[in-house]
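Here the structure comes first, spelled out in C-alpha cells, and everything after it is commentary.
Each reported figure results from applying straightforward, stated rules to the coordinates on display, with no laboratory input. None of these values were measured; they are calculated from a predicted model. Quick reminder, even Gly has a Cβ in these numbers, built from the backbone with ideal geometry, and neighbours come from all protein chains shown.
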C-alpha cells in the first residue's frame, strides 16, 4: 500500500473506465470543431435546398419551354389560319367585286336588249297603227315625213276628187264658198 | 278654178319652236283656198297672236302653184312647255295638232319638271339624302331616272309617283303628268355631329333611249350630335336596370321562347310570325310568350294557339332616356317570364334585342327588311329623328345578337358587315302548300267565271297592298304598251284601297281607256283564287327580300315575271324558271312582260315546273318551323347555332 493513497479512497477496479481530465485547450478545439461542423452541415443543407430549388426551377423551365413551344406551334397554326382566312376574305371580296361587276355588265346588257326589244315593239305598234312612244325626229327626217304626208294627201285628194260623192256635192261647196 | 277644189292643209314646225319669257313661239304653214282669214292658231288652248305671210318658198311636197301661207304664232301668255299647238280652219275643222317642245332634239329630250327636294344649297338633317321631284321628257314619262350623289353609288329612282299638282298645272296637256313624280333615297353614313357637303345630279332616259341630265346642285347633310347629359342619364338608367335585374328570380325553361314583335295588326310580317308560331307552339312544343307594342286581330289567333300575349304600348326611339327605360322594363319582363331564349321579329324591334342582351338571354333576331339603317330610320321615324344614342344601341344589337336570321342571302350579305358570318343565317320562307294542291282540282275557267275574268284571256296577276314601292303604276304603263301586240292580255292588280296612289291608278286606267283589259281589285284576305285564275304572275316591286306572293304563285304553278331585287334572283333564274327585269325601269318592265307573253303556253308550263322544283327544298313551312326550333333550342342550351350547322 502506498502512503499517498488514503485509507478512504477506494482503489479503482479494473473494469471501470478511468476518467482523465481533458485539457482545456483540447476541449476548446473540440468545441470549435463541433461548431464548425454545425455550420458546415447547415451550409450543406442550404446548398442541397438550393440544388433542389434549382432542379425544380429547371423542371419548371423545361415545362414552360415545352408550353411555349406548344403555344408557338399553336400561334403558327393560328397565324396560318388567320392568313388563310384573310386570303379567303380577300378572295371572297374579290369574288364579290367580280360578281358585282358581272351584275353591272348584265344590267347594261339587259338594258341594251330591252332597248332593242322596245324598238321592235315600236315597229310592231306602227304596223298595228297604234300610237307610238314618240321619238323626236331630226329636222331632215321630219321634213321627209312631211313631204311624204303631203304627197299621200295629194294622192288621196286626187282620188277623192274622182269619187262620185265629191262630184255630187260640188254645188254645195260652191254655195259654201260664196257664203264665207 | 283649181283653188275652188283645193283642200285645207296645215303643218306645225315643232322643231323651230322657241320660248322667250315663258311664251312659246312656233311657226308653220297653211294651204288655204280662201286665204288665212278665219283660220285660228291656238297654243295650249289659248288663241295665239299670228303673223301671216304669203308663202314665197314652196313647202316640200306641196305643189308650187298652191296658195301657201307661212305663219308665226306667239302665245299671248306664258304656257307650259309641251303645250299643244292647233291650227283650225274657219269652219272649226282641226287641221293640225302638235305638242311643242322647243328644247327637244334628236339627241336630248326636252325636260319639263322640277327637283323639289333638296333645294339648291339646302341644309339637310341626318345622313340620308332624299331626292324627289317630277319629270316629263318630251311630254312623256321617262323610262328611268337615276340620281347621282357624290360619294354614293348611282341609284335608280322610284318612278311614277302620284303628282296631282302637276296635272292641275298642266290642264289637259299631258295625260301622264299625274304620275310624273320620282324619288330616290341615298344613304350617306356619317357619325353624330358630322356634316358633309355633296354635289348631286339627276339623269333620265326617254323610252327611245335619249338621256337628259340636270344641272348640278349642292346640299349639306348634318347629323345631330350626341347629348352629353342624355348619355349620362342613359348610363345611370342602365346601371339601375342591372341592379333591379339582380332581384328578379325565375326558373329558366329552355323550351320557353319569348317573342318580341312590332305589331299584331294584319300585315305580311305578322302573318309570317303567326305561321311560324303555329309550328313552334304546335309540333315543336315550345312554350311561347309574346310581347308587342301594338294590339290587333292576330292576338286572338295566337291565344288560340296557347301563346301568352302581352301588349306594352309604343316606345320612343327619338329619345334615348325613355328608350333605355323601356328596354330596362322589357329586360325585367323577359327575365321574370323564365324564357330561355328570345326571338325578335323585324328590323325595327331592336329594343327587344337590347332587352334580351341586358337580361343576359340568348337572342335570335329575324330581319325581313332589305333596307339600309339610314333608309329604314327615315321611313319609320322621319328625317334624323332617331336619337344618336338609340342608333348606337341599334348598331350594337346587330353586332352582338347571337343570331341574325334572314329570308334571303342578299339581305344577309347586306347586314354581314355589322355581325359575323357564323351568326348570320338564311332561313327562307316556307308556305302552307295544302291550298295550292287543293286548288289544282278546280278548273281555271270556273274560277275565272266566279271572279268575273274573261275566260280566254291571258291573265297577268299582281298581288300586294298597293303602294308606290309595289310598282303598280309602271306596271299599268308597261301593260298599256304590250296589250296592242297582245290584245288578249288582261291585267289584274289585287290589293288596291283608298289612297292617293290607288286613286292615281284608277284615274290612269280611265284616262288611257284600259278599263276593259285591267281589273283593279281591292285587298282580299284570300288571294288564292286569283292565283288559280292567273296565267302569269308579275312582281313589279322595287324592293323585296323574298316575296311570299312569288312563292305562292310558284306553288300554284304560275310562271313568274319579277323585278331583279334582293332575294328574287335566288328563286328565279332568268329565262329558266321565270323572267327577271331591272327594277325601276319602264322599258325593262315592258320587255319583261313581252318576253313572258311571247313564250308559248307549253313553255310557260315547263318554266313554272322548273321554278317549283327549284324551291321545293324549303317551300313547305313545316321544314321552316323545324329549322327555327333547332336554332332556338341551340341558343337556349348554349350551343349557339352549332346544332343547326351540325
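Descriptive notes on the structure:
- Partner chain coverage, peptide B:585-595 - average Cβ within 10 angstrom: 5
- What the Kirkwood sum gives for segment B:464-533 is a hydrodynamic radius of 12.5 Å, with every pair of different alpha carbons counted.
- Cα shape, segment B:187-327, gyration tensor, a/c 1.5 rule: oblate
- Burial ordering of B:550, B:523, fewest other beta-carbon atoms within 10 Å first: B:523, B:550
- Two-decimal Rg/Rh across chain B, once Rg and the Kirkwood Rh are taken from alpha-carbon atoms: 1.07
- Computed helical MRE - 222 nm, chain B, DSSP H runs ≥ 4 contributing -39500 (n - 2.57), nearest 500: -9500 deg cm²/dmol
- For segment B:430-493, the calculated P(r), taken from all Cα-Cα distances in 5 Å bins from zero up to the bin holding the longest distance, is 4, 14, 19, 19, 19, 16, 9, 1 percent.
- Divide the volume of the convex hull around the Cα atoms of segment B:365-459 by the residue count and you get 166 Å³ per residue.
- Helix axis angle, B:472-482 relative to chain B longest principal axis, alpha carbon, degrees: 50 degrees
- The listed peptides B:456-462, A:19-25, ordered by packing as a protection proxy, come out as B:456-462, A:19-25 (highest mean of other Cβ atoms within 10 Å first).
- Distance from the Cα centroid of segment B:122-163 to that of segment B:358-412 is 26 Å (rounded to whole angstrom).
- Averaging Cα coordinates gives a centre for segment B:591-628 and one for segment A:102-119; these two points are 24 Å apart.
- For A:114-126, mean number of other protein chain Cβ atoms within 10 Å: 5
- Geometric descriptor of segment B:503-646, per residue, is 154 Å³ (volume of the convex hull of the Cα atoms).
- Modelled FRET efficiency - R0 60 Å, residue A:62 with residue A:95, Cβ distances, 0.05 increments: 0.80
- In segment B:132-195, one over the average inverse separation of all distinct C-alpha pairs is 13.2 Å, which is the Kirkwood hydrodynamic radius.
- Size estimate for segment B:301-402 follows the Kirkwood approach: the inverse of mean 1/r over distinct Cα pairs works out to 14.3 Å.
- The alpha carbon centroids of segment B:240-275 and segment A:30-98 are separated by 51 Å.
- Distance in nm between pseudo-label sites at residue B:231 and residue B:451 (7 Å out along the Cβ direction from Cα): 5.8 nm
- Order of B:218, B:429, B:182 - criterion: other Cβ atoms within 10 Å of each residue's Cβ, fewest first: B:218, B:429, B:182
- Take each residue in A:98-110, count the other chain C-beta atoms within 10 Å of its C-beta, and the mean is 2.
- Helix axis angle, B:586-598 relative to chain B longest principal axis, alpha carbon, degrees: 80 degrees
- Acute angle (nearest 10 degrees) that the helix B:228-245 long axis makes with the longest principal axis of chain B, alpha-carbon atoms: 40 degrees
- Neighbour-count order for B:358, B:469, fewest beta carbons within 10 angstrom listed first: B:469, B:358
- Square roots of 5 times each gyration tensor eigenvalue, C-alpha, the protein assembly as shown, largest first, Å: 88, 32, 25
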